[in-house]
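Heads up: the structure comes next, in structure tokens.
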Amino acid sequence: MLLIFQRWTKLLAWLLLSTVSALSLAVENNPRLLLDKMVYGFSELNYQGTFNFQRPGSIETLRIAHAVIDGDKYERLEFLNGEKRQIIRHGHKLDFMYPGHQLVHSYQSQPNANSSAHPANKLDQYYRFKVSGMDRVAGRSVINLIVRPRDSHRFGYRLSLDKASGLLLRSELIGSKGQVLERFQFVDITLNPELSKEHFTAGARRYQPQQEAPVSPAPATIAKDKSWKVQWLPSGFSSTRPDRHAAGEDDRVTFTDGMTVFSVFLERSAKVNPLHAAEGHAQKGATTAYSRVILLSDQFHRVTVVGEIPTKTAQRIARSTVLVR
């Protein structure tokens, strides 16, 4: 009887191991499951490490710590070269920062695993996903995932996900000509470190945004029966405020397709100078900023599009901005 029990135990263990191995192999070869695992790892795992962020002509080194403590998310980001800067987040809002608060806007606008709001089966309509073998990053085994856009309004990606946890350890943003526009890569990483709340508050001071004096715009530009919206968007993009595409009285509206994010700003102040109506364009790495002055309802407005999209796409988005009643 004991012999039969031992054999049954070994068989059960073998079946369990085989099932786990099969599930692991299924995840490793399924781009959708890999994306889901990446989203979970980025937001729910505890980790700390050092990574490089590289654009053409510049490279920054940063240290990051991320933890979920008592159900709350904490994150600490330190810049290790250049001006001493530090950003600490609690939950979805910025709690602490020291110094260099000018970086807050760009840091908050980065996509934070937005694919959780756009299922992978929807992303398949706009991107092609392909698992492209194994590699090593920061001393850990990774699974490489290639993401190619199906149209000219998006950039591509090369992602390297930690085989054990799904955490994104390397990301390259690829331009239309195959060039690397931006590269993010961990150089060391520790999973499940012991981090307390004090780790995210020690040495930091609470950031108090400066209060600017209110400006009274011309009444014609703030009529309550007028809002504004973007009439043209690349297929698959939708507002992060799903109730509407119009921005109303807001000065910004943000759009995402689950992989890419861009924002549209409208300056409706009477101070917009029509003499400065020429188009303006700047690009740093993958981030495009396009601005132009347009005439809407007999008033000049400045429209600015900022995001990781091609310049021609940003131009078309800006030119489609209209006022609506």
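Quick one: count up the residues across the stretch 284-318 that are over 22 Å from the mean Cα position of the chain (by Cα) and in contact (Cβ under 8 Å) with a residue 40 or more places away in the chain.
Residues in the stretch 284-318 being over 22 Å from the mean Cα position of the chain (by Cα) and in contact (Cβ under 8 Å) with a residue 40 or more places away in the chain: 6 in total.
Could you list all residues from the stretch 156-195 that are outside any strand (DSSP E or B) and either of a type in the set (A, V, I, L, M) or within 27 Å of Val68 (Cα to Cα) (or both)?
Within the stretch 156-195, Lys163, Ala164, Ser165, Gly166, Leu167, Asn192, Pro193, Glu194, Leu195 meet the criteria.
Of all residues in the stretch 29-47, which are of a type in the set (A, V, I, L, M), open to solvent by 20 Å² or more (accessible area, probe 1.4 Å) and in a helix (DSSP H, G or I)?
Of everything in the stretch 29-47, those that are of a type in the set (A, V, I, L, M), open to solvent by 20 Å² or more (accessible area, probe 1.4 Å) and in a helix (DSSP H, G or I) turn out to be Leu33, Met38, Val39.
What number of residues within the stretch 312-325 are part of a helix (DSSP H, G or I) and open to solvent by less than 30 Å² (accessible area, probe 1.4 Å)?
Total meeting the criteria: 4.
Can you tell me which of (1) surrounded by 14 or more Cβ atoms within 10 Å (Cβ to Cβ); (2) modelled with pLDDT under 50; (3) not hydroxyl-bearing (Ser, Thr, Tyr) is the one Ala120 doesn't meet?
The failed condition is (2).
Scan the stretch 287-310 for residues that are open to solvent by 30 Å² or more (accessible area, probe 1.4 Å) and either part of a helix (DSSP H, G or I) or closer than 18 Å to Val261 by Cβ (or both) and jot them down.
Thr287, Ala289, Thr304, Val306
Determine which member of the set Asn46, Asn144, Asn52, Asn81 is more than 24 Å from Met259 (Cα to Cα), at pLDDT 90 or above and of a type outside the set (Lys, Arg).
Only one candidate qualifies: Asn81.
What residue, among those in the stretch 171-187 that are open to solvent by 40 Å² or more (accessible area, probe 1.4 Å) and of a type in the set (D, E, K, R), is modelled with the highest pLDDT?
So, considering only residues that are open to solvent by 40 Å² or more (accessible area, probe 1.4 Å) and of a type in the set (D, E, K, R), the one modelled with the highest pLDDT is Arg183.
I'm trying to understand the selection: among the residues of the stretch 129-143, which are surrounded by fewer than 17 Cβ atoms within 10 Å (Cβ to Cβ) and part of a strand (DSSP E or B)?
Selection gives Lys130, Val131, Ser132, Gly133, Met134, Asp135, Arg136, Ser141.
Restricting attention to the stretch 263-286, report how many residues are outside any loop (DSSP other than H, G, I, E, B) and at pLDDT 85 or above.
Count: 7.
The values are calculated or read from the model by the stated rules, or taken from the named source; none is laboratory data. Everything numeric in this text was worked out from a predicted model, so none of it was measured. Cβ: placed from backbone, ideal geometry, glycine included. Neighbour counts: every protein chain shown. These accessible areas exclude ligands, DNA and RNA; they are computed on the full protein's heavy atoms, side chains included. Shrake-Rupley method; radii C 1.70, N 1.55, O 1.52, S 1.80 Å.
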